[in-house]
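The values are calculated or read from the model by the stated rules, or taken from the named source; none is laboratory data. Just so it is clear, the model here is predicted, and its values are computed rather than measured. Positions of Cβ are backbone-derived with ideal geometry, glycine not excepted, and every protein chain shown enters the neighbour counts.
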Amino acid sequence: MAAALRQLSVLDDRGLPMLAAYWVAQGRDGEVLVELAGLHGDERKVADLWPAALVELGVTVPVPRDRLVALPWVAGQVAGGRRPLSWLVTVLWPPVYVGSEPDAAASDAEDELLDEIVYILDDILQFAERVVGDAAQRTRWWRRHGREEATRVQDALRQGEQAVAALARKDLTAARAALTGG
């Protein structure tokens, strides 16, 4: 999980020695892991040791399907109120592959379903931002239709919360159903 989170730029290198120390305390030894656990402040050295520490732990790098591996933790952060929904969308946004990486671009139904869910969540956020912007302007249209628009935003955000709860359980089908009503 930690390798996937770092690959997605969620883990800061400054926290990796503490993570390594936790693993050492659990009895997972390795020369590089112990060295990493003893570091603090030298981010360059931490970044250099991280891949070797993962090899000692038997972790494949790069982590295949990193978004799906990290999904329960990322969604749990949002469901627990520790991070905003926009953070989840940013972290799980579908990667863009260069034409020279044909194998990396290969996806399956689960990846595609996650992509669809992330796009819908992004649409909800954009809709909410637009409605907030309209409300701030107090246009004539807003005075007439503002209440129903605000209700639509609340409903969409509620669907988003249900989807995030399903994502925290890694239930992509339930997350999509929460967003699409089907």
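Of note:
- Per-region count, the range 73-89, residues in a helix (DSSP H, G or I), over 13 Å from L5 (Cα atoms) and not hydrophobic (A, V, I, L, M, F, W, C): 2
- On inspection, A70 qualifies as assigned by TED's automatic domain parsing to the domain that holds A166 and not in a loop (DSSP other than H, G, I, E, B).
- Checking P17, P62, P51, P72 one by one, the residue that is farther than 30 Å from E116 by Cβ and in contact (Cβ under 8 Å) with a residue 24 or more places away in the chain is P17 and no other.
- Single condition A135 does not satisfy, out of (1) modelled with pLDDT under 95; (2) in contact with a Gly (Cβ under 7 Å, 6 or more places away or on another chain); (3) closer than 27 Å to L11 by Cα: (3)
- Qualifying residue in the range 3-25 (condition: part of a helix (DSSP H, G or I) and among the polar types (S, T, N, Q)): yes
- The single condition from (1) among the β-branched types (V, I, T); (2) at pLDDT 90 or above; (3) under 30 Å from E161 (Cα atoms) that V96 fails is (2).
- Exclusive hit being assigned to a helix (DSSP H, G or I), more than 19 Å from P84 (Cβ to Cβ) and of a type in the set (K, R), set R158, R147: R147
Here's the yes/no breakdown for (1) farther than 21 Å from A79 by Cβ; (2) loosely packed, with under 12 Cβ neighbours inside 10 Å:
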residue	(1), (2)
D123	no, no
A128	no, no
G133	yes, yes
A136	yes, yes
W142	yes, no
Q159	no, no
A168	no, no
A174	no, no
L179	no, no
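- Filtering V55, V63 for residues that are modelled with pLDDT under 95 and outside any helix (DSSP H, G or I) leaves a single hit, V63.
- Pairs meeting the criteria (first residue in the range 115-144 and outside the structural domain of A75 (by TED's automatic domain parsing), second residue among the β-branched types (V, I, T) and modelled with pLDDT of 95 or more, beta carbons under 7 Å, at least 6 apart or on different chains) are lacking.
- Criterion violated by S107 - all others in (1) at pLDDT 95 or above; (2) surrounded by 14 or more Cβ atoms within 10 Å (Cβ to Cβ); (3) of a type in the set (G, A, S) satisfied: (1)
- Hey, A128 part of a helix (DSSP H, G or I) and under 17 Å from P84 (Cβ atoms) or not: yes
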